[in-house]
Amino acid sequence: MSGSQVPVAADLAATDDIGWAVRLLAATPTHEHRDPELLRRWARAADAFGSALAPVACEARIVERDGGLELGLLARYTSRPPTVELYTDTIDLAERVVDARGWRDWYPPGSVRAAALAHEAVHVHLHHGPAKSALKSALGHSALRLGRLRVSGHVAGAEEVAAHAYARTVCGLGRSPLLLTAALAAETESGTAPGTTPSPARDARREN
């Protein structure tokens, strides 16, 4: 995570959802030297945007397969052709991590798969519709200003934050899936059993 350490197991939940969103943005290339307050502002805006999105159906083909642990992925959206891949081995491990950490009240049984699908459905939605421009506008980042003309700029990682917030909201989760992905990354990279104290680990990445 850009040279920083993921907190040990007991401290993961002490970082709130916006805090994990800020960490995701900070670990995203192009943001290495951004003002932390700017990252927090973008994180809040992206989280609010995702939370406010109306439910969207996944219009892509859904494929379930193994191999996610090797890739470090819970799910992935690819656009050609539009496909959502759900990695059952990572989802199964995530469910065990939830039980081991006592987070079942936040992530009810079956919610990991539901949240992964909801997350990728938003990527499909943003890829094919006008919502992507709306997200840029909500972030308030200007790529170009000419007098009163302002061109909204892309904020790398903001779509991920919005997708996690959307999944948290539509699936009725107590915490963002960002917390779970941080715990999952710590478990898989440390090589420890679920529920034990992980070694420092980098932030999990998803390919879209």
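The values are calculated or read from the model by the stated rules, or taken from the named source; none is laboratory data. Worth saying up front: this structure is predicted, and the values here are computed from it rather than measured. Every residue, glycine among them, receives a Cβ derived from its backbone with ideal geometry; neighbour counts consider all protein chains shown. We work out accessible area using only protein heavy atoms, side chains counted, and drop any ligands, DNA or RNA first. Shrake-Rupley method; radii C 1.70, N 1.55, O 1.52, S 1.80 Å.
Does residue 98 satisfy being within 24 Å of residue 14 (Cα to Cα) and either of a type in the set (Val, Ile, Thr) or touching a Gly at 6+ places or on another chain (Cβ under 6 Å) (or both)? Please lay out each step first, then the result.
Numbers: within 24 Å of residue 14 (Cα to Cα): yes; either of a type in the set (Val, Ile, Thr) or touching a Gly at 6+ places or on another chain (Cβ under 6 Å) (or both): yes.
So residue 98 fits the description; yes.
From the residues in the stretch 74-88 that are over 15 Å from residue 118 (Cα atoms) and assigned to a loop (DSSP other than H, G, I, E, B), which one is most open to solvent (accessible area, probe 1.4 Å)?
80
Yes/no matrix, rows are residues, columns are (1) part of a loop (DSSP other than H, G, I, E, B); (2) surrounded by 15 or more Cβ atoms within 10 Å (Cβ to Cβ):
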site	(1), (2)
18	no, yes
21	no, yes
33	yes, no
47	no, yes
64	no, no
69	no, yes
90	no, yes
93	no, yes
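Checking residue 63 against (1) more than 16 Å from residue 163 (Cβ to Cβ); (2) in contact with a Lys or Arg (Cβ under 8 Å, 6 or more places away or on another chain): exactly one of these is not met. Which one?
Unmet for residue 63, out of (1) more than 16 Å from residue 163 (Cβ to Cβ); (2) in contact with a Lys or Arg (Cβ under 8 Å, 6 or more places away or on another chain): (2).
Can you pull out the residues in the stretch 35-45 that are under 24 Å from residue 175 (Cβ atoms) and surrounded by fewer than 20 Cβ atoms within 10 Å (Cβ to Cβ)? Write out each step before concluding.
Filtering the stretch 35-45 for residues under 24 Å from residue 175 (Cβ atoms) gives 36-37, 39-45.
Answer for the stretch 35-45, where residues must be under 24 Å from residue 175 (Cβ atoms) and surrounded by fewer than 20 Cβ atoms within 10 Å (Cβ to Cβ): 36, 37, 40, 41, 44.
Can we say residue 189 is over 12 Å from the mean Cα position of the chain (by Cα), modelled with pLDDT under 75 and acidic (Asp, Glu)? Spell out how you get there, then give the answer.
Details: over 12 Å from the mean Cα position of the chain (by Cα): yes; modelled with pLDDT under 75: yes; acidic (Asp, Glu): yes.
Judged against the criteria, residue 189 is a match.
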